[in-house]
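What follows is one structure encoded as structure tokens, with my remarks underneath.
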Amino acid sequence: MACHELHHAIQFAYGFAHEFWWWEASATWVEDLVYPGLNDWANALYMFAQSPQIGMNASAGQSNNQQLFWHTYGMGIWGMYLDQHVGGNELVKETWEASEGEWCQYCLWMPDAIEEVGEDFEDVMTGFMAHTSVMDYRDRMFMTDAVRAKTVNSLPADGASGSSTRPQSLGLNIIEFNSSQGQGGKDLLVTFDGDDDADEWYAVLSVGNNNLKDYVVFELDADHSGTARIPFDGSAAAHLIVAPADEDAQGYEYNWRNA
């Protein structure tokens, strides 16, 4: 708790530009950096795992929605991804440095922050989706698998998200293909068609259990549609991970309860 709260004190020096969720998420991440032998952060990341469909940058705002409130802590997993799989702990620090000189309040959303520090947001986001589908992180044993929107036990298959699991902006749907459906020398072929209500869609195929074996990113056309394939020999589960992006879904006052 001490390092978590001290991190908030440090954040104040950078100003208030970052959206509220990143304050709690990066303070949760820093607990592992300061005390790598302790794993209390796992309790917070559990809140992400239970509701991955909630938007990355969601927050309770002026409401008393506890699911949205605790999800901000659960998004410490984003800091872990940036640290462990992209640019180390300095990259997390650089996201805060990117907020210096931004004199607005809760206005700097993560796609812009990532671009500001010299990374491509699409590359970072799709990598996060792939690694998170199997929780391919240090101290994996303390993490809970993210809830699957659906598990596919026979092929061919098709479907769409229901209203209760449909992802918010920068939230994830993970559809798992049971490893029993794979065959040696065969590929899993998936066609995806994203709803036009989103400004953009990210879609990824991954293969792995506790560790990521392989992943491919869909190249989607202007209608948010595309096809991708990945080797699926049955030695591990495959996953389709999708996330929409809506540039209007940002800021402390956005109504995430009805997003």
Positions within the stretch 211-253 being among the charged types (D, E, K, R), free of Cβ contacts under 8 Å to residues at least 24 places away in the same chain and in a strand (DSSP E or B), in sequence order: K213, D214
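Go through K186, K213 for me and flag whichever is under 20 Å from A146 (Cα atoms), open to solvent by 90 Å² or more (accessible area, probe 1.4 Å) and among the basic types (K, R).
K213
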Residue in the stretch 20-48 that is most open to solvent (accessible area, probe 1.4 Å), counting only those that are within 24 Å of E247 (Cα to Cα) and touching a residue at least 60 places away in the same chain (Cβ under 8 Å): F20
Qualifying residue in the stretch 50-58 (condition: crowded, with 22+ Cβ neighbours inside 10 Å and more than 18 Å from A203 (Cα to Cα)): yes
Odd one out for A44, checked against (1) in a helix (DSSP H, G or I); (2) at pLDDT 95 or above: (2)
Qualifying residues in the stretch 151-183 (those that are in a strand (DSSP E or B) and under 15 Å from M129 (Cβ atoms)) - the one most open to solvent (accessible area, probe 1.4 Å): E176
Matching residues, the stretch 1-19, being farther than 14 Å from K93 by Cα, surrounded by fewer than 19 Cβ atoms within 10 Å (Cβ to Cβ) and either basic (K, R) or touching a residue at least 12 places away in the same chain (Cβ under 8 Å) (or both): C3, E5, F16
Long-range neighbours under 8 Å by Cβ, at least six apart or interchain, first residue outside any helix (DSSP H, G or I) within the stretch 114-143, second aromatic (F, W, Y) and surrounded by 15 or more Cβ atoms within 10 Å (Cβ to Cβ): Y137/Y81; M143/Y137
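The values are calculated or read from the model by the stated rules, or taken from the named source; none is laboratory data. Being a predicted model, the structure only gives us computed values, none of them experimental. All Cβ positions, glycine included, derive from the backbone under ideal geometry; neighbour counts span all protein chains shown. To get the accessible areas, we keep the full protein, side chains included, count just its heavy atoms, and leave off ligands, DNA and RNA. Shrake-Rupley method; radii C 1.70, N 1.55, O 1.52, S 1.80 Å.
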